[in-house]
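Down below is the structure, laid out as structure tokens.
The values are calculated or read from the model by the stated rules, or taken from the named source; none is laboratory data. Note that the structure is a prediction, hence the values are computed from the model and not measured. Glycine gets a Cβ as well: all are built from the backbone with ideal geometry, and neighbour counts include every protein chain shown.
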Amino acid sequence: MKNSSMTTHSSICAVVVTYHPDLVELENLLLALTKQVTVTVIVDNGSSKDSVNWIEAHQQENIVFLSLSDNFGVAEAHNHAIRWAQKTTSPMWCFSIRTASLFPI
């Protein structure tokens, strides 16, 4: 993933933690988020290979996938994403969201 276009200090980062996600819900969430935030960071907490492959296939310019080797819990996954964002994109705002959340497109 190339991050050079995401180095603005007024950016918004959305963090989505997954663990065996409902892929339809995740796809709907990503469709909405990509139009409203600078970058979406998906942190997977040890899901199945099929889920990981799906997420990897849906990466885009503003969707980053970070895979954890095991389920370390939602708090550690959020912290992992926020640390990545601070080092890479320096967002002004960072928020976490569940995969089942709905946003208008």
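Consider the range 66-79. How many of its residues are under 19 Å from Thr38 (Cβ atoms) and free of Cβ contacts under 8 Å to residues at least 60 places away in the same chain? Walk me through it before giving the result.
As a first pass, look at the range 66-79 and keep what is under 19 Å from Thr38 (Cβ atoms): 66, 78.
From the residues that got through so far, the ones that are free of Cβ contacts under 8 Å to residues at least 60 places away in the same chain too are 66.
Qualifying residue count, the range 66-79: 1.
Find the residue count for the range 74-94, including only residues that are in contact with a strand residue (DSSP E or B) (Cβ under 9 Å, 6 or more places away or on another chain), surrounded by 13 or more Cβ atoms within 10 Å (Cβ to Cβ) and assigned to a loop (DSSP other than H, G, I, E, B).
Qualifying residue count for the region: 2.
Which residues, counting only those in the range 23-73, are touching a strand residue (DSSP E or B) at 6+ places or on another chain (Cβ under 9 Å) and aromatic (Phe, Trp, Tyr)?
Phe65, Phe72
Out of the residues in the range 49-73 that are exposed (fewer than 12 other Cβ atoms within 10 Å of the Cβ) and in a loop (DSSP other than H, G, I, E, B), which is modelled with the highest pLDDT? Don't jump to the end; show me each part of the working.
Filtering the range 49-73 for residues exposed (fewer than 12 other Cβ atoms within 10 Å of the Cβ) gives 49-50, 53, 57, 60, 69-70.
Restricting the remaining residues to those that are in a loop (DSSP other than H, G, I, E, B) gives 69-70.
On the way: Ser69: 90, Asp70: 93.
Filtering the range 49-73 for residues that are exposed (fewer than 12 other Cβ atoms within 10 Å of the Cβ) and in a loop (DSSP other than H, G, I, E, B), the one modelled with the highest pLDDT comes out as Asp70.
Which of the residues spanning the range 16-25 are more than 8 Å from Asp44 (Cα to Cα), over 10 Å from the mean Cα position of the chain (by Cα) and crowded, with 17+ Cβ neighbours inside 10 Å? Before you say what the answer is, go through the steps one by one.
Here is the first cut: in the range 16-25, the ones more than 8 Å from Asp44 (Cα to Cα) are 16, 20-25.
Retained after the next criterion (residues that are over 10 Å from the mean Cα position of the chain (by Cα)): 20-25.
Across the range 16-25, the qualifying residue is only Pro21.
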